[in-house]
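The next block holds one structure in the form of structure tokens; read it before the comments.
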Amino acid sequence: EIGVRLVGSEMCIRDSYTIYRMAKDTYGEAYAQENYVDVWERDVELSQRNFYRRHPEYLEKLPESARSIVSGQLQYSDLSSRMALMLLDIEQRVGGEEAFTRILRDFYQDKAYTAVREQVKSTEFLAYCGLTLDDMAAYR
């Protein structure tokens, strides 16, 4: 589902990645790995093991208000952690931190995106990075 979801909220792209990078630069790679990457990986694993994700038929039996809350929590947690991991993967695929920083800077300075400041689909961001949805299949 990440393949068609929006990447471009600045929280998803810049905040998650920037906070990770600041922690890495300030406290070291081991700290950033333990407190960010490992947490994101654990969140994805827990999301996959979630009862309602494994048994959606029970989610459908919940009252609408509860179903909406549970669905939203699952969606947000899964999406935010998967997206953060996907960004780290993209960073490596485009040549590391410096290259990815340049891509992010250029992407957000590009007139096509700054003029409207609309959210951008992940396919657009991936294309800007020279990647496709197939390259990111592990995160769908």
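The values are calculated or read from the model by the stated rules, or taken from the named source; none is laboratory data. Being a predicted model, the structure only gives us computed values, none of them experimental. Every residue, glycine as well, gets a Cβ built from its backbone with ideal geometry; the counts of neighbours run over all protein chains shown. We work out accessible area using only protein heavy atoms, side chains counted, and drop any ligands, DNA or RNA first. Shrake-Rupley method; radii C 1.70, N 1.55, O 1.52, S 1.80 Å.
A few points about this structure:
- Residue match in region 13-23 (condition: under 18 Å from the mean Cα position of the chain (by Cα), of a type in the set (S, T, N, Q) and either at pLDDT 85 or above or surrounded by fewer than 16 Cβ atoms within 10 Å (Cβ to Cβ) (or both)): yes
Matching residues to (1) at negative phi; (2) loosely packed, with under 15 Cβ neighbours inside 10 Å; (3) touching a Leu at 6+ places or on another chain (Cβ under 9 Å):
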| position | (1), (2), (3) |
| --- | --- |
| Tyr27 | yes, yes, no |
| Glu34 | yes, yes, no |
| Trp40 | yes, no, yes |
| Val44 | yes, no, yes |
| Arg82 | yes, no, no |
| Val94 | yes, no, yes |
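- Pairing each residue of region 87-98 that is within 17 Å of Thr132 (Cβ to Cβ) with any residue that is part of a helix (DSSP H, G or I) and open to solvent by 60 Å² or more (accessible area, probe 1.4 Å), provided the two are 6+ apart or on different chains, yields C-beta distances under 8 Å for Asp89/Ala138.
- Selection within region 47-80 - open to solvent by 80 Å² or more (accessible area, probe 1.4 Å), touching an Asp or Glu at 6+ places or on another chain (Cβ under 9 Å) and within 22 Å of Ile19 (Cβ to Cβ): Gln75
- Considering region 83-139, and only residues there that are modelled with pLDDT under 85, of a type in the set (D, E, K, R) and assigned to a helix (DSSP H, G or I), the residue that is farthest from the chain's Cα centre (by Cα) turns out to be Lys111.
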